[in-house]
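Here is the structure we will look at.
The values are calculated or read from the model by the stated rules, or taken from the named source; none is laboratory data. Everything numeric in this text was worked out from a predicted model, so none of it was measured. As a convention, Cβ positions derive from the backbone with ideal geometry for all residues, glycine included, and neighbour counts pool all protein chains shown.
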Amino acid sequence: MLFPRLSDARLVWHLLALLRLRSAAGLGAEKGPAGSSSHLCLAMLLTVAWLASSALGAEPQEIVFKARLDGTEQRYIELLPTSFEAMHAHDVVIALHGHGSDRRQFITDVRGECKGVRDVAARQGMIVVSPDYRATTSWMGPKAEADVVQIIEELKQRYKIGRVFVAGASMGGTAALTFGALHPDLVAGVCSLNGTANLVEYDRFQDAISDSFGGSKIDAPEEYAKRSAELWPERFTMPVAVTTGGKDTVVPAASVLRLVEKLKQADRKVLSIHRPAGGHSTTYEDTCQAMEFMLREAKPFNH
């Protein structure tokens, strides 16, 4: 079940702000009965803040926001870990759904890719954010890209955020590679499951992709090139984990395998799980292995 975002997070930060103001004003150091009352008040505020922050991790929350790019209403789902504490920094994984799906896929689907991402994130105490990124046929076009950048910025305003990772399957795996190439400054690691790294040569779902990119390969060639991760290996300064299937005809593996070789030649941190007999899916075990590699090899968060 999904619930609208409650005001718990805002309450926590207001309480913490009040505590900081009281401390700055010297209101927590009085002597005598007045001081006792002040200390009791501070203790109560801290208790309420702790309880509120603990409650945040209970259920997925649907977030509605106004896109800066075009003023439209957009949505994502946020899943906080049960260990969530508002006063501590938490890493985030942006989980990007596949073609034909939406923000709910990585939150509710029990398939190996989705459950694997959720379970690894839960074990690591991470926040999972699953955006529509312009819904069912996005392919990380300009509008979807702008939305994800905005989501990351707003998460950092609302919570203490450590590192930000991107993961996804199929279209979402492609989108994860694309976003990593476009915004290496925002991304600490990429996990791409059965994606493509070359949208210039990819020939499926062209109606959806051209709509997302603002034109066909002939009309907007620069968009296809800039969103093709294989063409920008130097931008992958973060660890990259990929899974591919040798018999995948929906999103063939060739471009991702070429990107892997380029990253290896550059001595980058990369894990490739290629299943020669595999199709267009990744098992739970392979998903967990890919996610764990990405997290393990990422640079530590500098507080």
Against the condition polar (S, T, N, Q) and out of contact with any strand residue (DSSP E or B) (no Cβ under 6 Å at 6 or more places or on another chain), how does S272 come out, does it pass? no
Scope region 148-161; condition crowded, with 21+ Cβ neighbours inside 10 Å and closer than 16 Å to L177 by Cα; matching residues: V148
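Do we have E222 as in contact with a Ser or Thr (Cβ under 7 Å, 6 or more places away or on another chain) and in a helix (DSSP H, G or I) here? Before you say what the answer is, go through the steps one by one.
On the way: in contact with a Ser or Thr (Cβ under 7 Å, 6 or more places away or on another chain): no; in a helix (DSSP H, G or I): yes.
Criteria not met by E222.
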With the requirement that a residue be surrounded by 15 or more Cβ atoms within 10 Å (Cβ to Cβ) and either assigned to a helix (DSSP H, G or I) or not assigned by TED's automatic domain parsing to the domain that holds G116 (or both), what does region 227-236 give you? A229, E230, L231, P233, R235
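Would you call D70 farther than 17 Å from A176 by Cβ and not hydrophobic (A, V, I, L, M, F, W, C)?
Values: farther than 17 Å from A176 by Cβ: yes; not hydrophobic (A, V, I, L, M, F, W, C): yes.
Here the answer is yes, as D70 does meet what is asked.
Per-residue answers, yes or no, for (1) within 14 Å of L177 (Cβ to Cβ); (2) touching a Pro at 6+ places or on another chain (Cβ under 9 Å); (3) in the same structural domain as K160 (by TED's automatic domain parsing):
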residue: M238; (1), (2), (3): yes, yes, yes
residue: A241; (1), (2), (3): yes, no, yes
residue: D248; (1), (2), (3): no, no, yes
residue: A266; (1), (2), (3): no, yes, yes
residue: P276; (1), (2), (3): no, no, yes
residue: G279; (1), (2), (3): no, no, yes
residue: T287; (1), (2), (3): no, no, yes
residue: F293; (1), (2), (3): no, yes, yes
Among the residues of region 254-282, count how many are in contact with a Lys or Arg (Cβ under 9 Å, 6 or more places away or on another chain), part of a loop (DSSP other than H, G, I, E, B) and crowded, with 17+ Cβ neighbours inside 10 Å. 5
Can you spot a residue in region 140-160 that is among the charged types (D, E, K, R) and free of Cβ contacts under 8 Å to residues at least 12 places away in the same chain? yes
Just to be sure I understand the filter: pairs with C-beta atoms under 8 Å, separated by 6 or more residues or on different chains, first member in region 247-273 and over 14 Å from G173 (Cβ atoms), second member in a helix (DSSP H, G or I) and among the β-branched types (V, I, T). Which pairs pass? V270/V260
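Looking at region 135-144, is at least one residue among the aliphatic types (A, V, I, L, M), surrounded by 17 or more Cβ atoms within 10 Å (Cβ to Cβ) and closer than 27 Å to N198 by Cβ? Talk me through it step by step, then tell me what you get.
Narrowing region 135-144 to residues among the aliphatic types (A, V, I, L, M): 135, 140, 144.
Within this subset, residues satisfying the condition of being surrounded by 17 or more Cβ atoms within 10 Å (Cβ to Cβ) are 140, 144.
Okay, now just the ones that are also closer than 27 Å to N198 by Cβ, so 140, 144.
Yes.
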Members of region 61-83 that are surrounded by fewer than 19 Cβ atoms within 10 Å (Cβ to Cβ), under 14 Å from R118 (Cβ atoms) and of a type in the set (V, I, T): T82
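I'd like to know if region 189-205 contains one or more residues that are in a helix (DSSP H, G or I) and at pLDDT 95 or above.
So in region 189-205, the residues in a helix (DSSP H, G or I) come out as none.
There is no residue in region 189-205 that is in a helix (DSSP H, G or I) and at pLDDT 95 or above.
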